[in-house]
Each structure stands twice: as C-alpha cells, then as structure tokens.
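The values are calculated or read from the model by the stated rules, or taken from the named source; none is laboratory data. All values reported here derive from a predicted model rather than from experimental measurement. Glycine gets a Cβ as well: all are built from the backbone with ideal geometry, and neighbour counts include every protein chain shown.
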Amino acid sequence: MTHESAPHLLYVAWGFPPSRSGGAYRLLATANAFAAAGWDVTVLTVPREVFMRSTGIDPSLEARVDPRVRVERIPFPHDETNLDLRTWGAFRAHAPELWNGWRGWRTGRVFPEPRYGLWRTELERAAERIHAAKPVSLSIGSANPNVVHTAGFHLHQRYGVPFVMDYRDTWQLDMYSGRRTLTDRSPAAVWERRLVEAAAEVWFVNEPIAQWHRDLYPTAAQNIRVVPNGFDRAFVGDPTPPREGRADGIVFGNIGTMTSQTPIPQLIEAWLAAADDLPGARLDLYGYLGHQGDDEGGVLAQVGRVTDGSARYRGPVAKAAIADVYATLDALILPLGTSRFMTSGKVFEYMATGLPIVSVHDPVLAVSDTLRGYPGWFPAASLDTSDVAEALVKAGAYAATQTLQDRLDARSWADRYERSRILAPVVKRWSEEAASSRSASGANDHPQPEPGITDTRTALP
C-alpha cells in the first residue's frame, strides 16, 4: 500500500533476502529503516530462484522484511548459471565457447559487468513503471552487482530524481593489493565516473575506501560518505551469562564464510601451538565454505590436522539461530585476509555479544580501527604462529573469568554500531530533503522528463 503524502524510496538490491550473502543484512536494515520512518519503500530485486541457483538462501531473513516494504522481483537474465542441458539452445549446446563469447559481448554493450549487465534493461523498465505509478523521491542502489545503480541513474537523467550509490566496497579497487584494476578508458571506468559524478551521495563502509575514491574523483569528493556496517539487535539479542562448564575448557568460535583469503591455516597452526596452554579448549568453526560452497580455502583439511578433535567444522548457521550459537561460545575468533581496506561486517555482530574477540589478521586492516577500545579485544601482533597463539591464550584466560557485567559493559561500548543508530541520521537527512523538495514542487506533480534530458538506454562507451 502506498500513501500519497509519503516520500517514495526505490531501493535496488540484487542480494535482498532471502539471499544468504553477508550484505543481505545491510539491505534488509536499510529498507526497513526507511519504511519505519514513514517512507513508501519499493525494493527491486531478483526472483528467489536466482539465489537458489547461486549463493543459496536463508528463509529466516525474508520473514524480517517490514510488511510495509513492497518487494518486486523482476526478471534477471542469468542463462550463464543455467546448467540444465535440456534448456540450452542449439547454438550453446554445439558451440558453448562461442556462445559464452557472444553472451559476454552482448552483455558488455548493455552494461560492462559480466553476468549482470543485461539486467540494466529490466531495471530501467521497472523504474519507469514504478515512477509513473508514484513519483520516486529517492533511489538507492546497493552493490554488488554494480548494475543496480543504473536504475537510479536512469531516473535522475530523465526526471531529476536524486540517487545514492551504496557501494559498500568497490568496483575497481583491488581490496587486497590496493591497486586500481581498470584504466580510465575501459567501459567500466567510464560508467563508474558518470555514475559517481551524477550521484547525490556515494556510500562506502570505511574511511580508507572512501578516501581512495575521493582521490580518484575529486569533483565528487564532497558527496562521498562513510556509512559503516553495524549489528542488528533483533538478530544478536542481549549478552548472555557466561556458559556453564567453561571451567572444563574455553570454547572459541568463528562464524562466517571462509574462503582462500581467510587465514584458517595460520589459525590452526597457532591452535596446535597453544594446546598446552589451553587445556580442554575447543575451536568451533561455523559458516559456509567458500562463496559457492566449494571449500576453496581447504578448511576441512586444516581442521583434519587437529587429531585430538579439539577443532571442529560445525556448518553454516541460519541468522535466526545465531544468538543461540553465540550462547555456546566463550570467545570469538575474527580471521580476515590482509588489506588496509578491509572491514568485516561480522565484527559488529561480534562486538554486540560482549564476548572477547581474538583478531587473527594483519593489524593494518581497517577493522582494527573499529575494534580499538572494545573491552576484551585481543589482537594478534601479526599472523606469525607465536603471535596468534599468544592472543589465543590471553583471550582464553580473560574468557575464563569474564562476568556478565563485563559483557554488558562491552555491549554498551559497542552500541554505537547498532545498525539503527548508523542509519538514523541517513534516513533523517533524506526525509528532510524529501519534505523540502515536495514543499517546493508540489506533492502531486505527475513525473515528466526534464527538458533537454534524453533517454540513457543506449550503452555508454
């Protein structure tokens, strides 16, 4: 249901629930925050079947969508992921390499993003229809993929609707090497410049990434902002009393997708080295093995090195059950790949538990700035075995005596990162802007293209 006087948000998000991707929680929280503030919210996303074929689903997340949010699941061209040979045409079946090349060429002409670029046509068509039904006050596109930004760009070019790019991470910054992956003349770089310089705001999750882009786009620097990730109180719950039985051995746990970049080998090596100083301790690893479930990081083989059974892989955890899992743990492990641009979304949820946190990552990571000052933070000085082992032992000793009040105090410190607090000023700012614009232009104006602005569906170079 829409309300004539309410501002209208068009929120474009490929990985919206029930997608199980880590970014789904930010998407869910953003849509819900605007709905709670009185906005009519329309979400453009893909059919559920797309996630079932790719990233997988978490049905518990979909139940958390505010009932006032209208979710439109529009077609998504994803033939590349269709491996059912019975549905392939003759061209693809007899010449798959040629078909892949043709598909890539066709996609690049629409939008230069492999696998996702063809969605641009569907997005722009849907945005036009939605805007005609009720004028859009603001459009937000939340990447990845980057094609989501084309819907807002289209409405901005044709109707002057402001749009926000919630980039979170980056399109052409290699997060691990710090190098730029595109040249100025590449089609993707041309598109990004046009998008960034036209956007009302561009959001990133931390200051290092934001500053990198300010340097790249100085004319848009004033519109580049940091909107960090956070934790969702409804998912985490309140800190729990220390676990009964911890005197028999501390239970360490990691919850999160583990890839080839995750330093699980270093963690296991340190776990073995610290065994004598952590009697009876256990290491439980929860989460998906690789983004596609292929154990690209060899986690199972690493766990198998711990022959006494003190390290175990426990599988993924549904978001609705995650608070129960945290209640079984005494300390948390945060293993991350090395990059000064890295801020893990998981760290905010970790802090919300009030449990001690062992950082198993290079201190250069941006996540170190987030954790600095958190009570019960035990950062490894480096990824060397001795340094990680030392951090584990120190955290174990602290966890053995931590009280409920200690956890409540840590949670109080972490409350600054509650997602609703992070999003509140964003929603307030845009609510005031929408009210001002509606007052100036009239609430019932029928949308018309701005004079001199042409259709942008033709592919940019």
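Please go through the stretch 390-409 and pick out each residue that is assigned to a loop (DSSP other than H, G, I, E, B) and crowded, with 18+ Cβ neighbours inside 10 Å. Of everything in the stretch 390-409, just one residue is assigned to a loop (DSSP other than H, G, I, E, B) and crowded, with 18+ Cβ neighbours inside 10 Å, namely Gln402.
So in the stretch 139-167, with the set limited to residues that are hydroxyl-bearing (Ser, Thr, Tyr) and farther than 23 Å from Ser437 by Cα, which one is modelled with the highest pLDDT? That would be Ser142. The residues of the stretch 144-153 that are of a type outside the set (Val, Ile, Thr) and touching a residue at least 60 places away in the same chain (Cβ under 8 Å), listed by number, are Asn144, Pro145, His149, Ala151, Gly152, Phe153. Here Ser60 clears all of (1) assigned to a helix (DSSP H, G or I); (2) among the hydroxyl-bearing types (Ser, Thr, Tyr); (3) touching a strand residue (DSSP E or B) at 6+ places or on another chain (Cβ under 8 Å) except the condition numbered (3).
For the stretch 354-389, the set of residues classified as in a strand (DSSP E or B) and either of a type in the set (Ser, Thr, Tyr) or surrounded by fewer than 17 Cβ atoms within 10 Å (Cβ to Cβ) (or both) consists of Ser359 only. Considering only residues of the stretch 430-443 that are loosely packed, with under 12 Cβ neighbours inside 10 Å and of a type outside the set (Ser, Thr, Tyr), which is modelled with the highest pLDDT? The selected residue is Glu432.
This table checks each residue for (1) crowded, with 16+ Cβ neighbours inside 10 Å; (2) among the aliphatic types (A, V, I, L, M); (3) touching a Ser or Thr at 6+ places or on another chain (Cβ under 8 Å).
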| site | (1), (2), (3) |
| --- | --- |
| Pro145 | yes, no, no |
| Thr150 | yes, no, no |
| Leu155 | yes, yes, yes |
| Pro162 | yes, no, yes |
| Gln172 | yes, no, yes |
| Ala198 | yes, yes, no |
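Each row is one residue, and each column tells you yes or no for (1) exposed (fewer than 15 other Cβ atoms within 10 Å of the Cβ); (2) not acidic (Asp, Glu).
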| position | (1), (2) |
| --- | --- |
| Arg225 | yes, yes |
| Val236 | no, yes |
| Pro239 | no, yes |
| Pro242 | no, yes |
| Asp248 | yes, no |
| Gly253 | no, yes |
| Ile268 | no, yes |
| Leu272 | no, yes |
| Leu285 | no, yes |
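One residue stands out in the stretch 111-143 among those that are within 21 Å of the chain's Cα centre (by Cα) and polar (S, T, N, Q): the one that is surrounded by the most Cβ atoms within 10 Å (Cβ to Cβ), namely Ser139.
Could you list, in sequence order, the residues of the stretch 8-44 that are out of contact with any Ser or Thr (no Cβ under 8 Å at 6 or more places or on another chain) and either part of a strand (DSSP E or B) or of a type in the set (A, V, I, L, M, F, W, C) (or both)? Of everything in the stretch 8-44, those that are out of contact with any Ser or Thr (no Cβ under 8 Å at 6 or more places or on another chain) and either part of a strand (DSSP E or B) or of a type in the set (A, V, I, L, M, F, W, C) (or both) turn out to be Ala24, Leu28, Ala31, Phe34, Ala35, Ala36, Val41, Thr42, Val43, Leu44. Filtered by the rule that a residue be under 20 Å from Phe231 (Cα atoms) and of a type in the set (Val, Ile, Thr), the stretch 362-380 gives Val367, Thr370. Residues in the stretch 216-262 that are touching a Pro at 6+ places or on another chain (Cβ under 8 Å) and at pLDDT 95 or above were compared, and the one that is nearest to Trp377 (Cα to Cα) is Asn254. Contact map, the stretch 199-216: residues that are within 13 Å of Arg340 (Cα to Cα) paired with residues that are of a type in the set (S, T, N, Q) and part of a helix (DSSP H, G or I), Cβ distance under 8 Å, separation 6+ or inter-chain. Pairs shown: Asn206/Thr370.
Here Val303 meets the list (1) in a helix (DSSP H, G or I); (2) closer than 30 Å to Arg64 by Cα almost entirely, failing just condition (2).
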